[in-house]
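Accompanying notes for the structure given below.
The values are calculated or read from the model by the stated rules, or taken from the named source; none is laboratory data. Just so it is clear, the model here is predicted, and its values are computed rather than measured. Here the Cβ is made from the backbone with ideal geometry for all residues, glycine too, and neighbour counts use every protein chain on show.
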């Protein structure tokens, strides 16, 4: 029994063309080879299959019964192999039905997804998106295996083996309802400490650093509510006297809709870089490349 490891695929290409042309000279022209080279390939094919494959007759080369049986499946296999090897360049966003998977926080969903979905509806209507929360212990493996295409945020654990691209630097502000006592006049550190606060305990994200920074600065304030994510924050502060420290991007996209007021934070908190991350295995994947280009052009800030 023949094994694939014993077969030179180039010989099968010669076999396929010989069956089509029944002429070694024409096959040589199509392959850019000499006629002796094609004849030598035919000799190797005859040895491999222990059959003449093509007999010389008064009408030229004619396939043997074995060659006739072999040709259809060999031709189909070569065609499929050719399509497989070239599909890497075959990504058309206008016709693709691919699903891209993101790892991002709820802030990322609020900030990125509305604009991205609107853009995709025009440029790539068949593409779908899926988001997950990233966990340090799983994210690397999921991205290595291709279950997550891109991760967006502050994710310092993605180092070796990953590419990254900065989108913008995120600063922190205070968000409150319009008409809140702190929405007018000077917003001092004393006013901040006296106000009632909601705190987002966003475990596993870079935003958890805020409480660490405040503690190191010796800042204390009355916390009346703790929530595990940012999605509910605009609803909560819109109908209460709570103040919350959030990213300026979240504040900007929710201010008008919820009737909120943004104040610069009275404490000088560090800015954090928001980046896209992808695994090097998919650096040259055309779909991944296209998606990164869209996100970069839409959200990058100098």
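Of all residues in segment 49-78, those that are in the same structural domain as residue 26 (by TED's automatic domain parsing) and modelled with pLDDT under 90 have Cβ atoms under 7 Å from Cβ atoms of residues that are surrounded by 13 or more Cβ atoms within 10 Å (Cβ to Cβ) and not in a helix (DSSP H, G or I), 6 or more apart or on another chain, in 60/22; 60/23; 61/22; 61/23; 61/54.
Conditions tested, residue by residue: (1) touching a helix residue (DSSP H, G or I) at 6+ places or on another chain (Cβ under 6 Å); (2) in a helix (DSSP H, G or I); (3) outside the structural domain of residue 68 (by TED's automatic domain parsing); (4) farther than 20 Å from residue 82 by Cα.
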{"site": "10", "(1), (2), (3), (4)": "no, yes, no, no"}
{"site": "13", "(1), (2), (3), (4)": "no, yes, no, no"}
{"site": "17", "(1), (2), (3), (4)": "yes, yes, no, no"}
{"site": "26", "(1), (2), (3), (4)": "no, yes, no, yes"}
{"site": "38", "(1), (2), (3), (4)": "yes, yes, no, yes"}
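Total residues in segment 116-175 satisfying the condition of being under 14 Å from the mean Cα position of the chain (by Cα) and at pLDDT 90 or above: the figure is 14. When the strands (runs of 3 or more DSSP E) confined to segment 195-302 are screened for residues that are closer than 24 Å to residue 129 by Cβ, those reaching at least 3 such residues are found at 272-279.
Does residue 91 count as in contact with a helix residue (DSSP H, G or I) (Cβ under 6 Å, 6 or more places away or on another chain), part of a strand (DSSP E or B) and within 30 Å of residue 150 (Cα to Cα)? So that I can check it myself, show each step before the final result.
Working: in contact with a helix residue (DSSP H, G or I) (Cβ under 6 Å, 6 or more places away or on another chain): yes; part of a strand (DSSP E or B): no; within 30 Å of residue 150 (Cα to Cα): yes.
The answer is no for residue 91.
Against the test of being out of contact with any helix residue (DSSP H, G or I) (no Cβ under 6 Å at 6 or more places or on another chain) and in the same structural domain as residue 106 (by TED's automatic domain parsing), the options 208, 179, 146 yield a single qualifying residue, 146.
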